[in-house]
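This report concerns only the one structure given below.
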Ligand code: GLU
């Protein structure tokens, strides 16, 4: 039986793009007699706010989406992330890094799907671990894991290329696990068999496939769906004025009717569904 999830980060309100993502995950589960879980990815330090997470539950109910079981909160799972990071450290695959974003941008020799590719400045250097971020030595990890493949329901079988993203951060400076580590561990812990998320996270799945191999985790199938975009082709974002779901809810809009329109591709004026290539260039995601 399939199991999908919607995993929003409570660092801002949900907008139409999130509604679309939640509907895709929910409807795939329901259409195949499976279950649909809700997980709140609330480990982003001060940017994570409980009040946003509370609104998310109301937003989903308003859209007519019901989830199965208890809501999962990443903030309650920190011990799992720390234990996995310790295992990777013991395998010699993590190294501390004190580089700032500006230093990385200045030193990077290439740009990958998540921005400037970390040029490995701190790899093999004697860096004080205190207050450092910990990065995955991707070349060493790939050598250990051997060639890996993964399957996207839409794009087909993929050769895992975590090297395109470079040595990603797995433990963030002063914060618990990064998105990559936490999401991979949680999908395994939650028994997710079909990871549904936007095409903008396609490249992350290469990294997650590698982590699954290193940590002996089950391998799901992925479903990277199209993104709702603004007329300039950029992802919807609250900061560019796209109304949030709670604005719409409070204004008395009918959430179930909105969900039906999104299902039928009947989109508000100026918004399009970008069904382009599996190409995540320009993602503005923090590691
Ligand atoms: N928390 C992530 C986000 O809001 C979701 C990532 C995922 O679905 O894997 O973009």
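Overview of values
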read-out	value
Top of 151, 121, 196 by mean-square fluctuation, Gaussian network on the chain, Cα under 10 Å	121
Radius, Kirkwood style, for the stretch 39-89 when every pair of distinct Cα atoms is counted (Å)	12.7
Residue order, fewest to most beta carbons within 10 Å, for 27, 200, 232	232, 27, 200
Per-residue [θ]222 nm for the chain (sum of -39500 (n - 2.57) over DSSP H runs n ≥ 4, rounded to 500)	-10500 deg cm²/dmol
Most fluctuating residue given options 31, 108, 204, as computed from a GNM of the chain linking Cα atoms under 10 Å	31
GNM top mover of 187, 246, 130 - the chain, alpha-carbon springs below 10 Å	130
Rg and Dmax of the stretch 59-123, Cα atoms only, in Å	18.8, 49
Spin-label pair residue 129/residue 155, simplified geometry with 7 Å Cα→Cβ offset, distance in nm	3.5
Alpha-carbon gyration tensor eigenvalues x 5, square-rooted, for the chain, Å	32, 20, 19
Cα gyration tensor, the stretch 124-188 - rounded (a/c under 1.5), prolate or oblate	oblate
Share, in percent, of DSSP beta bridges within the chain that are antiparallel, nearest 5	60
Over the stretch 183-266: Kirkwood hydrodynamic radius from C-alpha pairwise inverse distances, Å	15.4
Rounded to 10°, Cα long-axis angle of helix 78-90 versus longest principal axis of the chain	30
Overall form of the stretch 132-246 per C-alpha gyration tensor (a/c, 1.5; a/b vs b/c)	prolate
Length released on extending from residue 263 to residue 175, taking residue separation times 0.36 nm less the Cα-Cα span	28.0 nm
Residues 236, 171, sorted so that the one with the fewest Cβ neighbours within 10 Å comes first	236, 171
Fully extended contour minus Cα-Cα distance, from residue 54 to residue 254, at 0.36 nm per residue	70.1 nm
Segment residue 102-residue 82, length gained on full extension (0.36 nm per residue, minus Cα span)	4.5 nm
Gap separating the Cα centres of the stretch 1-60 and the stretch 188-267, nearest whole Å	8
Calculated P(r) tail over 25 Å for the stretch 1-143, as whole % of Cα pairs	49
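A short reminder: the numbers here are calculations on the coordinates, not readings from a lab. All values reported here derive from a predicted model rather than from experimental measurement. Every residue, glycine among them, receives a Cβ derived from its backbone with ideal geometry; neighbour counts consider all protein chains shown.
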